[in-house]
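Please read the structure below before turning to the comments.
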Amino acid sequence: MYLVTCNRINDSTNQLINADMGMEPEAKELLVKVSKSLAVGLLWLMINMTFGIYLGWLFFGNQMTTGNYIFYGFMIISLVGMIWYLARLWR
């Protein structure tokens, strides 16, 4: 049941993306790139905000903890990955 529902959602999403809604292909491609860029950037910000601010790994107490090291390592690695993805997207 779940798989059938996911396939229907994917099919309708693909139909919506591939539908010709009276837009020029270049304009449509630009809007898709912009929306993907915004979605990836906001997702990255929300993940890092959740782990950093809400769980307290962004701020130090008197010294750095293991959670701080893990958070900052993940943040830097994911930032590089996001920049790499966006560079490939806009190429």
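The values are calculated or read from the model by the stated rules, or taken from the named source; none is laboratory data. All figures in this text were calculated on a predicted structure; none of them were measured in a lab. A quick note on method: Cβ atoms are made from the backbone with ideal geometry, for glycine too, and the neighbour counts reach across all protein chains shown.
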Task: Subset of the range 38-91 (residues that are among the β-branched types (V, I, T) and assigned to a helix (DSSP H, G or I)) - done: V40, I47, T50, I53, T66, I70, I76, I77, V80, I83
- [ ] Looking only at the range 14-40, count how many residues are more than 18 Å from L89 (Cβ to Cβ), of a type outside the set (G, A, S) and modelled with pLDDT under 85.
- [x] 7
